[in-house]
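A short worksheet on the structure shown next.
Nothing in this text is a laboratory measurement; each read-out follows from the coordinates by a stated rule. All values reported here derive from a predicted model rather than from experimental measurement. A quick note on method: Cβ atoms are made from the backbone with ideal geometry, for glycine too, and the neighbour counts reach across all protein chains shown.
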Amino acid sequence: MRSRKKKWADPFISVHPDLFPSPQGLDLNKPSYLEIGCGKGDFLLGMASKQKGDYLAIEKDHSIAAVAGKKALNAGLNNVRLFASDFDELAPIFLESGYRFAKIYVNFPDPWPKLRHHKRRLTETSRLTMMAKLLDEGGEIRFKTDNADLFEYSKEQAPLANLHIVYSDDDYALKEDDALTEYESQFRQYGIPIHYLILNKEEK
Ligand SMILES: C[S@@+](CC[C@H](N)C(=O)[O-])C[C@H]1O[C@@H](n2cnc3c(N)ncnc32)[C@H](O)[C@@H]1O
């Protein structure tokens, strides 16, 4: 997701500590949910407005995270918290702090098509392993992408992170317990099929 740097972003983030808290010492209710790479927050807000629970979202681009934050503020949602950080930096803090999630959502992550960049993919084994550690017992990772190559790669990486494929769909129709992301809305407008994967760490 490309975005011009917004001068107001960092000041906005720093004056809204309830919305952009420090990652340590959070008081999380159950169920808690985590979205990684939330972009401008369409999915986050869609989910947080229709389901109970705490919604945490990580977005490494500060300008984009601030746009999501503004939308959450305007929507009056008090069950949303945002982190303008990289998942790789936050995940060890979340793990150490004992936070565990009922679901972790990864929606339309950057595909990094070049082989030499595959290590940067959010569904690369070491990141999936970290996500698995952050799941509650019986928790799930839910992954959506338009990119068939990234989808196949992610299905290969999952067992390397001791994750099981619960559900896999190459032409996913949006379900009641889901919400559209900004990217997804565009892909669906153009009739591009959405690939959908649910992973858990339990033996079947
Ligand atoms: C292609 S966009 C998709 C945005 C949104 N999920 C959607 O579906 O509309 C991917 C987003 O993930 C963010 N991102 C990529 N890697 C990340 C990481 N390691 N930690 C946090 N955010 C990340 C990018 O900054 C970008 O905003």
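Observations, loosely collected:
- In a DSSP loop and with at most 14 other Cβ atoms within 10 Å, the trypsin sites (Lys or Arg not before Pro) in the range 16-65 are Lys52.
- Distance between the range 1-54 and the range 66-125 - C-alpha centres, whole angstrom: 9 Å
- Per-peptide average of other Cβ atoms within 10 Å, ordering 152-159, 190-197 highest first: 152-159, 190-197
- Total charge dipole magnitude, the range 54-105, about the Cα centre, Cβ charges on Lys, Arg, Asp, Glu only, Debye to nearest 20: 300 debye
- Charge-dipole axis of the range 30-200 as Lys and Arg at +1 and Asp and Glu at -1 on Cβ define it, positive-most pick from Met131, Ser32, Val166: Ser32
- Acute angle (nearest 10 degrees) that the helix 148-160 long axis makes with the longest principal axis of the chain, alpha-carbon atoms: 80 degrees
- In the chain, a dipole from Cβ-located charges (positive for Lys and Arg, negative for Asp and Glu) runs towards its positive end, and of Ile13, Ser49, Phe94 it is Ile13 whose Cα lies farthest in that direction.
- Value of [θ]222 nm, deg cm²/dmol, for the chain, DSSP H segments ≥ 4, -39500 (n - 2.57) each, nearest 500: -10000 deg cm²/dmol
- The chain: equivalent-ellipsoid semi-axes (sqrt of 5 x gyration tensor eigenvalues, Cα, Å): 25, 20, 17
- 10 Å beta-carbon shell around Gly53, net charge (K/R +1, D/E -1): +2
- Spin-label pair Gln51/Ser126, simplified geometry with 7 Å Cα→Cβ offset, distance in nm: 3.0 nm
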